[in-house]
Each structure stands twice: as C-alpha cells, then as structure tokens.
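These notes are about the structure you will find just below.
The values are calculated or read from the model by the stated rules, or taken from the named source; none is laboratory data. From a predicted model like this one, the values you see are computed outputs, not experimental measurements. Here the Cβ positions follow ideal geometry from the backbone for every residue, glycine too, while neighbour counts run over all protein chains shown. Just so you know, the surface numbers come from the protein's heavy atoms only, side chains and all, with ligands and any DNA or RNA stripped out. Shrake-Rupley method; radii C 1.70, N 1.55, O 1.52, S 1.80 Å.
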Amino acid sequence: MRRSSRLFEIIQILRAADAPVTAEMLAQKLEVSVRTVYRDIAALQAQRTPIEGEAGVGYLMRRGYDLPPLNFDAEEVEALWVGLSMLARTGDSTLQEAAKRICRKIEGLRASPDWLQVAPWGAPVDDPAKGCIPVVNYREAIRDERKLRLTYVSSQDVRSERVVRPVALIYHIECTMLVAWCELRNGFRHFRTDRVWACEMVDDHFCGQGQPLREIWQEQNQWGSPAEAH
C-alpha cells in the first residue's frame, strides 16, 4: 500500500473506531511496522488532522472530522458493489483486500446493497503459502516498467526461463494472464500466472516502453477475445 493510501486508511479506521486504537492494532491491519504507524500518525497530526492520543495508549479521531463526501446515486453504488464483489473471482488477493476497504467506505456513505450477491467461484486465491506468485508482483512490475525473470511451464509441460517486459494483465474467470514482450522469443507472449513457478524482478527497467508496447499488442490482438496460453 502506498503511503498516501495508508494515511487515508488510518483516517478511515480511526473515524470508525468507538475506542482508542493502538499503534499495534493499526500496524496489524495495515501490514506495516509499529514504527511506520508512529511516523504516519505524526505526519497526519502535522497536517492538522485532529488525531488525539499517544504511543502506548491509543489514538482517536476527534468527533466532527470528516472527508468530502463521495456523491454516488443508488445505481452507481450497486454497480460498485457488484464490480468489487466480482474481484473475488480473479484470485488476486491484494485487489480483494483493496475491494473490502472500498466496500467499507461505501457502507459509510449509505446502506450496503447486500441483496446483490456474486458467486465467489473462479480462479484460486494467489496464496504465497501455497507456492503461488502474488498477482500484485506483476501489477507492480507493469506500473514500474520493470523486467521480470520467469520460470514457466507450458501446457505441454515444457519448462523454460524467460526475461520479459510485462505490459498488461487479463483477468479471466478461471485464470489470470500476463501479457509480456518475451526477450527469448522476441515477441509478445501470454503467460498463465498459475503456470509461473518462479518470478524475480530484474534490476533492469524498460522506462517509456510500456505504453508503446501495449498499443502494439492491442493492434495485434482483438481486445476482449480469449487469449490462449502457449
């Protein structure tokens, strides 16, 4: 989570709390160190955010503090609810957690449309404890335009080592596909993330090439049609 998002999330947690929230509780929810929480609280207080409390006691948000409201009509809220719920089918655990945070914020604005249900069946969650590569790694590499070294096993059970330039992700119901320029094949390839056995960020970037590569890939592929893994 980026620092700006983390600061916003601290405000949301404290606003919703009925009792003082300790730095340890915040650190556990945000998955950061207690020292990082102390620094974030100090930064918010320096910005005149009305957070009261101290280390070892806990923190509270002074009553009456609010953020500018988001103006969604009923159908927009329902569309957000369904769309966010469908993230459970992608297997992307980091996006699922982000979706839960957004849903909590929607519930703070108006009653949740819990009568709209989305079946959770889809791709398995990318649990690192089960040997899966978190999808967030691919998203970060795409954003940072950073090369990846993949160990990939094809549908024919052929194992290969690749250095790729990741440019896009395609979320299918049953799997997630990584679109990348493969330096071994000198062309675009689609990799099923559940067939990636190892993924390492290379200390080499392709700055400024991400968007042009995406445009070329989109010209060569019909967007929305199922991409087949090689």
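A few points about this structure:
- Each Lys or Arg adds one and each Asp or Glu takes one away; over the other residues whose Cβ falls under 13 Å from the Cβ of Arg146, this sums to -1.
- Electrostatic tally near Gly122: other residues with Cβ closer than 13 Å to its Cβ, Lys and Arg +1, Asp and Glu -1, net -3.
- Solvent-accessible area of Tyr171 with every protein chain in place, 1.4 Å probe, in Å² to the nearest 10: 80 Å²
- A simple spin-label model places pseudo-atoms 7 Å from Cα toward Cβ; at Ala16 and Lys100 they are separated by 1.0 nm.
- Taking segment 33-58 and a reference point 7 angstrom along Cα→Cβ of Glu24, the backbone N atoms nearer than 17 Å belong to 33-38, 54-58.
- Spin-label pair Gln211/Ser155, simplified geometry with 7 Å Cα→Cβ offset, distance in nm: 3.4 nm
- Mean projected area of the Cα convex hull of the chain, taken over all directions, amounts to 15.8 nm².
- Segment 125-149 and segment 164-209: distance between their alpha carbon centers, rounded to Å: 10 Å
- All other residues whose Cβ lies under 14 angstrom from that of Ala27 are scored, Lys and Arg at +1 and Asp and Glu at -1, for a net of 0.
- Tail weight of P(r) past 19 Å, computed on alpha-carbon pairs of segment 154-210, percent: 28 percent
- Helix-only [θ]222 nm of the chain, DSSP H runs n ≥ 4, -39500 (n - 2.57) each, per residue, nearest 500: -11500 deg cm²/dmol
- C-alpha long axis of helix 34-46 to longest principal axis of the chain, angle in °: 60 degrees
- Rounded FRET efficiency, nearest 0.05, which uses the C-beta distance separating Arg3 from Val136 and R0 of 22 Å: 0.85
- Cβ-Cβ FRET estimate between Val57 and Asp127, R0 fixed at 41 Å, reported to 0.05: 0.70
- Quotient of C-alpha Rg and 2.2 N^0.38 Å, computed over segment 99-200: 1.32
- What the chain shows is 61 Å² of accessible area per residue, with the surface traced by a 1.4 Å probe over protein heavy atoms.
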